[in-house]
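Below is one structure, written out as structure tokens; the observations come after it.
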2 protein chains.
Amino acid sequence: MIRIVEVGPRDGLQNEKTILGTEEKFRFIELLVGAGLRSIEVTSFVKAPAIPQMADAVELYTQVSRALPETVAFPCLVPNLKGYETARSLGVREIAVFTATSDTFTKKNINATIDESFLRISEVAEVAKRDGVRVRGYVSTAFGCPYEGAVDLKKVISVTKRLFDLGVYEVSVGDTIGVAVPAQVRATIRALKSEFPIGQLAMHFHDTRGLAPTNIYVSLEEEITTFDASAGGLGGCPYAKGATGNVATEDVCYLLSSQGLETGIDIKKLAEASRFILSKLHRQTDSKFLRAFFNTGIV
Amino acid sequence: MIRIVEVGPRDGLQNEKTILGTEEKFRFIELLVGAGLRSIEVTSFVKAPAIPQMADAVELYTQVSRALPETVAFPCLVPNLKGYETARSLGVREIAVFTATSDTFTKKNINATIDESFLRISEVAEVAKRDGVRVRGYVSTAFGCPYEGAVDLKKVISVTKRLFDLGVYEVSVGDTIGVAVPAQVRATIRALKSEFPIGQLAMHFHDTRGLAPTNIYVSLEEEITTFDASAGGLGGCPYAKGATGNVATEDVCYLLSSQGLETGIDIKKLAEASRFILSKLHRQTDSKFLRAFFNTGIV
């Protein structure tokens with residue numbers, strides 16, 4: 001069984017220009033649940049003006065937690081203690097925290113060095129532990145940074161270790177700008193799994209240069225069992241305008257099912273969830289699989 | 001060293017709606033030669049009204065053979081003896097012949113059963129041998145047929161064998177509708193290489209569902225050294241309207257270079273050849289790598 005963490009409603013929508021209504025986002029999440037997704041990142045508790053698409057985080061999470069099944073995990077991104085407190089007041093049971101391998105990237109992204117990001121994360125992780133809230137960690141730019149270029153594997157290891165030391169249950173290793181190539185993916189996973197339990201590592205690929213499915217194929221060979229993905233390939237790449245971002249959940253499911261691997265996801269229902277949200281965003285999908293499916297109806 | 005057979009000017013353009021002038025096609029081929037491609041399928045000697053994009057085959061090949069280096073192979077597709085005679089009168093030194101694994105497909109495509117297609121091919125192969133013209137064979141629908149669905153691996157083997165028996169120097173095994181998945185690719189190549197020399201087998205993938213790079217990755221693991229590809233991903237998929245067709249040569253080169261494999265191709269120059277022809281076709285590329293390159297200038 002391979003676990004998919006659906007990041008479309010948060011990581012995907014965050015990079016879409018069209019601002020959607022809360023009802024549309026809720027309906028999207030409801031369709032994702034109906035398609036069999038069991039871990040769906042709902043929103044991000046940032047200061048309202050920072051990311052306009054996330055301005056309705058409180059309303060959206062409230063609706064989701066009231067109406068959708070408790071058996072599904074609905075993690076939310078939390079940048080700091082203030083965001084955590086809001087999340088906690090809504091009964092959020094799982095949060096995600098964020099850092100990267102490059103100071104320039106964290107500086108530009110969250111106005112903090114890596115060390116400063118860990119100060120925020122450790123504050124959050126401490127109270128989360130007290131509250132029994134699960135914490136997931138993201139390491140961005142693990143395969144390359146838009147500002148600093150190549151990334152030292154030692155940096156990936158050390159940042160991952162610091163996250164685990166703070167008690168995160170899983171680290172998602174992210175190819176934020178979609179530059180990872182298969183040999184690098186294999187080397188990175190081998191280095192990581194020599195230090196950490198493979199079952200606590202997730203891979204987060206962007207399909208900016210079309211190699212996400214190949215990188216996932218290699219990750220499977222290296223025994224990774226959790227992948228982040230975004231329905232319909234929602235989300236662009238802010239570092240390569242006009243290029244694609246997150247790998248589409250459909251692409252991941254198509255590859256996995258061709259390998260005989262179970263996900264519990266109904267790919268046709270998933271495609272309908274994507275069709276719904278893409279129509280609200282007035283955009284086409286960048287997923288080749290999904291385009292072919294929309295045109296032929298054949299999986 | 002991995003060999004790329006560039007099929008953009010023939011297989012790619014044949015599936016493009018915008019009919020180009022001979023000068024534009026010639027310039028495209030000239031740019032491809034400049035980028036380092038050493039095997040470029042130029043055109044197809046079919047009856048003029050059959051494929052409007054190929055109506056200028058005689059003029060185009062004449063220009064190419066006069067102006068471009070003899071060190072580059074410029075194969076042409078030849079459907080029958082009449083086409084061969086035209087090609088021969090122009091001094092064509094390499095031809096390609098075509099069959100498939102499914103009678104329904106060959107019936108709809110060239111109005112012949114597989115057996116009838118072999119009658120035509122054997123006539124052509126015989127005179128080509130006499131003339132010292134090299135012959136390359138295509139097996140279409142080797143991974144799935146738009147009409148008959150799944151394809152029996154025994155059929156792929158038997159059709160490939162019949163082509164080799166007629167003296168072709170290489171067989172290109174084609175995923176005409178882009179349904180091949182990695183496990184199937186591995187099984188197919190393993191079956192083929194147990195019967196035929198691996199160095200005489202080429203893989204021809206379409207990226208209709210986004211798995212072409214992964215299928216190429218698996219092919220490399222199985223020791224395939226020749227791949228067909230189409231610059232810029234020219235050519236759609238006639239069996240899934242709006243979907244993508246041939247894998248882009250840039251996508252193949254990007255993957256190969258990330259694996260440390262040489263092709264002799266300058267990917268930036270190749271991208272410029274694609275940019276030129278895409279502008280003449282008034283269309284965007286479906287290659288994610290190329291889109292990111294056009295937007296960032298970074299390989």
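Listing A:Phe294, B:Phe28 from the residue with the fewest other Cβ atoms within 10 Å to the one with the most, what is the order? The partial results should precede the final answer.
Details: A:Phe294 18, B:Phe28 25.
Arranged by neighbour count, lowest to highest, A:Phe294, B:Phe28 become A:Phe294, B:Phe28.
Between the residues A:Ala187, A:Thr113, A:Tyr254, the greatest Cα displacement towards the positive end of the dipole of chain A, with unit charges on the Cβ of Lys, Arg, Asp and Glu, is found for A:Thr113. Label positions at B:Arg186 and B:Val72, each projected 7 Å from the Cα along the C-beta direction, are separated by 3.8 nm.
Hey, what number do you get for chain B at 222 nm if only DSSP H runs of n ≥ 4 count, each worth -39500 (n - 2.57), divided across all residues, to the nearest 500? Intermediate values should be presented prior to the final figure.
Values: 11 runs with 128 residues, N = 299.
So the helix-based figure for chain B works out to -13000 deg cm²/dmol.
About its Cα centre, the stretch B:143-214 has a charge dipole of approximately 200 debye under the convention of +1 per Lys or Arg Cβ and -1 per Asp or Glu Cβ, with nothing else charged. Taking the number of Cβ atoms within 10 Å of each Cβ as an exposure proxy, the fewest-first ranking of B:Arg3, A:Arg162, B:Arg130 is B:Arg130, B:Arg3, A:Arg162.
State whether the stretch B:188-236 is rounded, prolate or oblate according to the following rule on the C-alpha gyration tensor (a ≥ b ≥ c being the square roots of its eigenvalues): a/c under 1.5 gives rounded; otherwise a/b larger than b/c gives prolate, and the remaining case gives oblate. Please report the intermediate quantities before stating the final value.
Values: a/c = 2.52, a/b = 1.92, b/c = 1.31.
Cα axes put the stretch B:188-236 in the prolate bin.
The DSSP beta bridges internal to the stretch B:14-166 are antiparallel in roughly 10% of cases. Ranked from shortest, the separations from the 7 Å Cα-to-Cβ label point of B:Glu59 to its equivalents in the other copies are 6.2 nm. Can you list, bin by bin at 10 Å, the percent of alpha carbon pairs in the stretch A:3-296, starting at 0? Once binned at 10 Å, the Cα pair distances of the stretch A:3-296 give 7, 31, 39, 22, 2, 0. Dipole check for the stretch B:3-296: with +1 at the C-beta of Lys and Arg, -1 at the C-beta of Asp and Glu, and the Cα centre as origin, the magnitude is about 280 Debye. Ellipsoid semi-axes for the stretch A:197-299, based on the Cα gyration tensor and the rule √(5λ), read 22, 17, 11 Å when sorted largest first.
Report the relative contact order of the stretch A:1-102, percent, no decimals, based on alpha-carbon pairs under 8 angstrom and at least 6 residues apart. Mind showing how you got there, number by number?
Values: 136 pairs, mean separation 27.6, N = 102.
Here the relative contact order equals 27 percent.
Each semi-axis of the equivalent ellipsoid for the stretch A:43-155 is √(5λ) with λ an eigenvalue of the Cα gyration tensor; in descending order they amount to 27, 15, 13 Å. Expressed as a whole percent, the proportion of Cα-Cα pairs in the stretch B:8-96 lying more than 18 Å apart is 35%.
If only the Cβ of Lys and Arg carry +1 and only the Cβ of Asp and Glu carry -1, the dipole of the protein assembly as shown around its Cα centre is close to 500 debye. At full extension, B:Lys268 and B:Ala50 could sit 75.0 nm farther apart than now, given 0.36 nm per residue minus the alpha carbon distance.
Where both partners of a DSSP beta bridge lie in the protein assembly as shown, what percent of those bridges are antiparallel, to the nearest 5?
Given both bridge residues lie in the protein assembly as shown, the antiparallel proportion sits at roughly 10 percent.
For Cα pairs less than 8 Å apart in space and 6+ apart in sequence, what is the mean separation divided by the residue count of the stretch A:3-296, i.e. the relative contact order in percent? It would help to have the intermediate numbers written out before the result.
Details: 568 pairs, mean separation 57.8, N = 294.
Here the relative contact order equals 20 percent.
For A:Lys280, which lysines qualify as cross-link partners when the Cα separation must be under 27 Å and same-chain residues fewer than eight apart are set aside? Straight-line reach from A:Lys280, under 27 Å: A:Lys17, A:Lys25, A:Lys47, A:Lys241, A:Lys268, A:Lys269, A:Lys288, B:Lys241, B:Lys288. Spatial offset of the stretch B:95-140 relative to the stretch B:213-247 amounts to 22 Å, using the alpha carbon center of each. Taking every DSSP bridge with both residues inside the stretch B:3-296, close to 10 percent are antiparallel. Give me the Kirkwood hydrodynamic radius of the stretch B:106-206 in Å, from all C-alpha pairs, to one decimal place? Across the stretch B:106-206, the inverse of the average 1/r is 14.1 Å. For the stretch B:176-299, the relative contact order is 22 percent, taking Cα pairs closer than 8 Å that sit 6 or more residues apart in sequence and dividing their mean separation by the residue count.
Of B:Asp228, B:Asp207, the sequence from fewest to most neighbouring Cβ atoms within 10 angstrom is B:Asp228, B:Asp207.
Evaluating kT/(6 pi eta Rh) at 10 °C and 1.306 mPa s, with the Kirkwood radius of the protein assembly as shown over Cα pairs in the Stokes-Einstein relation, gives 63 µm² s⁻¹.
Computed over the alpha carbons of the stretch A:121-271, Rg followed by Dmax gives 15.5, 43 Å. Distance between the C-alpha centres of the stretch B:39-63 and the stretch B:167-205: 27 Å, rounded to the whole angstrom.
Every number here is computed from the coordinates shown, using simple stated rules; none is lab data. What you see is a predicted model; the values in this text were computed from it and never measured. Here the Cβ is made from the backbone with ideal geometry for all residues, glycine too, and neighbour counts use every protein chain on show.
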